[in-house]
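First comes the structure, then the notes that go with it.
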Amino acid sequence: MVKICIKTLILEFVTENGPSHIRQIHLQISQIRPQVPQHTIRARLSELSRCDGLEEKLSAFGSGFYGLYQENKQLCSVVSYPNRGPWGNAQYRGNCSGFLVKDLILRFHCQSIFDPAQGSGTVKDVVDGINKYRQKNIQYRGEDLKQGWDVLASELPQRQFDMVWYHPPYWDIIRYSTDPRDLSTCQTLGDFEGRLNRSAERLISILKPGGILAILIGDKRKCGQYFALFKTLLANPNLGELRAIIIKIQHNCSSGIKDYGTSRFLIPIRHEYCLIFQKPV
């Protein structure tokens, strides 16, 4: 009798929200987790019929309930996230997928995050989701030049953090503003590298001993020359110990549709690097 009532409740819930409600949930899950077979999704819907808080759990489908915030135990040195996930604003130029942020936060058991270039709010959304769906209490602080906070000159937070996620401009590939404090306005490679290194040194200073500085950065090609922008960071002795380099495959990037002509060396750039530094204990 109880099972019949619960099944009826699910049917009524779906009817109330429209006949396409389950289909929308299914599509949302398929977009975020394309490797999950349909019969597994249906099984999870069936499992919900035996759970309390049915409406809350159904509303969480595709945005947290269905494994979106599970730890990625297969994290390795090459990652690919064809779907950027539900975090931040996909229309914001230079935005990145929140999956790698989520994977690093969970892997290193971070309890506090500083985000000095928050952009459209991807990292904040990731932290909010982890806190909600994994019942954590991770503290987040974000700053941005758009709000007047300068990574090279503004006062740093008075507290220390477990992780700093730093996603700086890739020199002038995207000009984010005309503000001379903006790293994307640097006129020369030397100026960019100097400011990038100084900003990274400032950021590692606010980490707890053993804390993680994760820097996501890509390469640049200009006038036929190739610039591996991350190399200058590897040569900086003030950034702690290099613990890992993760190569992140880029999807839907402009280099994938650009016509490079007949040059054999103009190979499209479709990757970024995430450099993982650890502050000495």
Original post:
Quick one: length gained pulling residue 150 to residue 251 fully straight, 0.36 nm per residue minus the C-alpha distance?
Top reply: 33.4 nm
**OP:** Could you tally the net charge around residue 210, taking each other residue with its Cβ under 9 Å from the Cβ of residue 210, Lys/Arg +1 and Asp/Glu -1?
**Re:** +1
Subject >> Nonlocal amide H pairs with residue 161, under 5 Å, H built at 1.01 Å >> reply: 207, 208
Subject >> Estimated FRET transfer efficiency when R0 is 35 angstrom, pair residue 238-residue 264 (beta carbons, to 0.05) >> reply: 0.35
**OP:** For the range 143-152, just list the computed ³J(HN,Hα) in residue order, Karplus coefficients 6.51, -1.76 and 1.60, θ = phi - 60°, integers in Hz, with x standing in for Gly and Pro.
**Re:** 9, 6, 4, 4, 9, x, 8, 9, 4, 9
Original post:
Under a 5 Å amide H to amide H cut-off, with H placed in plane at 1.01 Å, what residues pair with residue 139 once short-range neighbours are removed?
Top reply: 112, 113
Original post:
For residue 271, which sequence-distant residues (separation of 5 or more, or a different chain) have an amide H within less than 5 Å of its own amide H, given hydrogens modelled in the peptide plane?
Top reply: 250
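Computed from the coordinates by the stated procedures, all read-outs in this text should not be read as laboratory data. Keep in mind it's a predicted model, so treat the numbers as computed, not measured. No Cβ is skipped: glycine too gets one built from the backbone with ideal geometry, and neighbour counts run over all protein chains shown.
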